[in-house]
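Peer 1: Quick one: structure below, then a few questions.
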Amino acid sequence: MARTLSGRSRVTVLPLLHTWPDQYDVIAYATTGDFGQTAVIGRLSVPRLPDVALMDIAARHQPTRVYGSSGGSAFAEACWLICVGWSGRSVPKPRTREFHAASWSVELDRTTELKQPMYGHDRLHVGGFTLDDPRLMDQALAVLPARATVS
(Lines give C-alpha, C1' and ligand atoms only; values in the text may rest on other atoms or scores of the structure.)
Protein backbone atom coordinates (compact mmCIF):
# COMPACT_ATOMS: atom_id res chain seq x y z
CA MET A 1 0.00 0.00 0.00
CA ALA A 2 1.41 3.37 -1.02
CA ARG A 3 2.16 5.96 1.59
CA THR A 4 0.53 9.37 1.25
CA LEU A 5 2.28 12.59 2.19
CA SER A 6 0.38 15.85 2.52
CA GLY A 7 1.34 19.45 3.05
CA ARG A 8 0.56 23.09 2.49
CA SER A 9 3.10 25.17 0.62
CA ARG A 10 3.92 27.00 -2.55
CA VAL A 11 3.22 24.74 -5.54
CA THR A 12 4.55 25.26 -9.06
CA VAL A 13 2.74 23.38 -11.82
CA LEU A 14 4.23 23.09 -15.30
CA PRO A 15 3.94 21.06 -18.47
CA LEU A 16 6.79 18.62 -19.00
CA LEU A 17 7.70 17.78 -22.58
CA HIS A 18 9.28 14.37 -22.03
CA THR A 19 9.32 12.87 -25.53
CA TRP A 20 9.89 15.06 -28.58
CA PRO A 21 7.88 16.49 -30.25
CA ASP A 22 4.55 16.28 -28.43
CA GLN A 23 4.39 13.92 -25.46
CA TYR A 24 3.74 15.95 -22.35
CA ASP A 25 2.87 15.42 -18.74
CA VAL A 26 1.86 17.83 -16.01
CA ILE A 27 4.10 17.95 -12.95
CA ALA A 28 4.03 19.82 -9.67
CA TYR A 29 6.97 20.97 -7.56
CA ALA A 30 6.55 21.67 -3.85
CA THR A 31 8.75 21.56 -0.79
CA THR A 32 8.28 20.35 2.74
CA GLY A 33 10.29 20.34 5.95
CA ASP A 34 11.15 23.20 8.29
CA PHE A 35 13.30 24.93 5.68
CA GLY A 36 11.92 23.35 2.51
CA GLN A 37 14.83 20.92 2.46
CA THR A 38 12.70 18.12 1.00
CA ALA A 39 11.58 18.45 -2.62
CA VAL A 40 8.30 16.94 -3.76
CA ILE A 41 7.85 16.31 -7.49
CA GLY A 42 4.60 14.76 -8.56
CA ARG A 43 2.75 13.87 -11.71
CA LEU A 44 -0.82 15.11 -11.95
CA SER A 45 -3.17 12.52 -13.36
CA VAL A 46 -4.42 13.58 -16.79
CA PRO A 47 -7.21 11.25 -17.98
CA ARG A 48 -6.21 11.34 -21.66
CA LEU A 49 -2.50 10.66 -21.03
CA PRO A 50 -0.92 7.32 -20.11
CA ASP A 51 0.64 6.99 -16.67
CA VAL A 52 4.40 7.50 -16.96
CA ALA A 53 6.88 7.08 -14.08
CA LEU A 54 8.81 10.31 -13.48
CA MET A 55 11.99 8.48 -12.51
CA ASP A 56 11.84 6.63 -15.85
CA ILE A 57 11.50 9.94 -17.69
CA ALA A 58 14.50 11.26 -15.78
CA ALA A 59 16.56 8.15 -16.58
CA ARG A 60 15.87 8.54 -20.32
CA HIS A 61 17.44 12.01 -20.17
CA GLN A 62 20.82 10.54 -19.15
CA PRO A 63 21.19 12.52 -15.90
CA THR A 64 24.38 10.70 -14.92
CA ARG A 65 26.16 12.74 -17.60
CA VAL A 66 25.50 15.85 -15.49
CA TYR A 67 25.15 14.61 -11.91
CA GLY A 68 27.26 11.46 -11.86
CA SER A 69 26.08 8.27 -10.21
CA SER A 70 26.13 6.80 -6.77
CA GLY A 71 25.80 3.18 -7.78
CA GLY A 72 22.11 2.75 -8.52
CA SER A 73 20.58 4.88 -5.78
CA ALA A 74 18.78 7.07 -8.37
CA PHE A 75 20.76 10.11 -7.24
CA ALA A 76 21.19 11.49 -10.77
CA GLU A 77 17.54 10.93 -11.67
CA ALA A 78 16.42 12.65 -8.47
CA CYS A 79 18.71 15.61 -9.17
CA TRP A 80 17.34 15.90 -12.73
CA LEU A 81 13.75 15.96 -11.47
CA ILE A 82 14.56 18.53 -8.79
CA CYS A 83 16.28 20.67 -11.44
CA VAL A 84 13.16 20.53 -13.63
CA GLY A 85 10.94 21.68 -10.76
CA TRP A 86 13.35 24.27 -9.39
CA SER A 87 14.09 25.81 -12.79
CA GLY A 88 10.39 25.74 -13.71
CA ARG A 89 9.77 27.87 -10.63
CA SER A 90 12.80 30.11 -11.10
CA VAL A 91 12.23 30.84 -14.80
CA PRO A 92 8.56 30.03 -15.45
CA LYS A 93 7.27 29.40 -18.95
CA PRO A 94 4.05 31.17 -20.02
CA ARG A 95 1.85 28.14 -19.15
CA THR A 96 3.34 27.63 -15.67
CA ARG A 97 0.97 28.13 -12.72
CA GLU A 98 2.03 29.20 -9.25
CA PHE A 99 -0.18 28.54 -6.22
CA HIS A 100 0.84 30.07 -2.89
CA ALA A 101 -0.07 28.24 0.31
CA ALA A 102 -1.93 25.44 -1.49
CA SER A 103 -2.88 22.21 0.26
CA TRP A 104 -1.70 19.11 -1.57
CA SER A 105 -1.07 15.39 -1.24
CA VAL A 106 1.21 12.98 -3.02
CA GLU A 107 0.90 9.20 -3.20
CA LEU A 108 4.55 8.25 -2.89
CA ASP A 109 6.24 6.07 -5.49
CA ARG A 110 9.76 6.67 -4.21
CA THR A 111 11.87 8.67 -1.78
CA THR A 112 15.51 9.35 -2.59
CA GLU A 113 18.03 10.59 -0.05
CA LEU A 114 20.58 12.71 -1.88
CA LYS A 115 24.26 12.12 -1.22
CA GLN A 116 24.76 15.91 -1.20
CA PRO A 117 22.37 18.88 -1.18
CA MET A 118 21.06 19.76 -4.63
CA TYR A 119 19.16 22.98 -5.39
CA GLY A 120 18.73 23.44 -1.64
CA HIS A 121 17.26 19.96 -1.10
CA ASP A 122 18.60 16.86 0.60
CA ARG A 123 15.72 14.48 -0.22
CA LEU A 124 13.15 13.95 -2.98
CA HIS A 125 9.68 12.45 -2.77
CA VAL A 126 8.17 11.39 -6.13
CA GLY A 127 4.63 10.24 -6.83
CA GLY A 128 1.14 11.07 -7.93
CA PHE A 129 0.31 14.67 -6.99
CA THR A 130 -3.11 16.15 -6.18
CA LEU A 131 -4.11 19.66 -5.18
CA ASP A 132 -6.83 19.46 -2.51
CA ASP A 133 -8.86 22.34 -3.98
CA PRO A 134 -10.70 21.11 -7.12
CA ARG A 135 -10.60 24.60 -8.65
CA LEU A 136 -6.81 24.73 -8.34
CA MET A 137 -6.59 21.21 -9.75
CA ASP A 138 -8.59 22.33 -12.82
CA GLN A 139 -6.26 25.31 -13.29
CA ALA A 140 -3.24 23.03 -12.90
CA LEU A 141 -4.42 20.61 -15.57
CA ALA A 142 -5.01 23.54 -17.94
CA VAL A 143 -1.22 23.99 -18.34
CA LEU A 144 -1.17 21.02 -20.70
CA PRO A 145 -0.75 22.17 -24.31
CA ALA A 146 -3.60 21.25 -26.66
CA ARG A 147 -1.13 19.50 -28.96
CA ALA A 148 -0.13 16.91 -26.34
CA THR A 149 -0.62 13.39 -27.67
CA VAL A 150 -1.96 10.29 -26.00
CA SER A 151 0.57 7.84 -27.44
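The values are calculated or read from the model by the stated rules, or taken from the named source; none is laboratory data. These numbers were taken from a predicted model, which means no experiment stands behind them. Every residue, glycine among them, receives a Cβ derived from its backbone with ideal geometry; neighbour counts consider all protein chains shown. SASA here: full protein model, heavy atoms, side chains in, ligands and nucleic acids out. Shrake-Rupley method; radii C 1.70, N 1.55, O 1.52, S 1.80 Å.
Peer 1: Under 10 Å, Cα contacts only: if you run a Gaussian network model on the chain, which one of A78, A53, A28 comes out with the highest mean-square fluctuation?
Peer 2: A53
Peer 1: With labels modelled as points extended 7 Å from the Cα through the Cβ direction, what inter-label distance (nm, one decimal) is found for Y119 paired with R135?
Peer 2: My value for the distance between the label points is 2.9 nm.
Peer 1: Report the extension gain between T64 and S6 in nm, rounded to one decimal, defined as 0.36 nm multiplied by the number of residues separating them, less their alpha carbon distance.
Peer 2: 17.9 nm
Peer 1: Test of understanding: what is the full-extension gain from F35 to E107, defined as 0.36 nm times their sequence separation minus their Cα-Cα distance?
Peer 2: Value of the extension gain: 23.7 nm.
Peer 1: Still on this model: In whole percent, what relative contact order does the chain give with Cα contacts below 8 Å and a gap of six or more residues?
Peer 2: Reported as a whole number, the value is 35 percent.
Peer 1: Oh, and also: Just from the alpha-carbon atoms, what are the Rg and Dmax of the chain in angstroms?
Peer 2: 14.4, 42
Peer 1: With every protein chain left in place, what is the accessible area per residue of segment 2-146 in square angstrom, probe 1.4 Å?
Peer 2: Ligands and nucleic acids excluded, the result is 50 Å² per residue.
Peer 1: Hey, any idea what % of segment 67-122's accessible area is carbon plus sulfur with a 1.4 Å probe?
Peer 2: 51 percent
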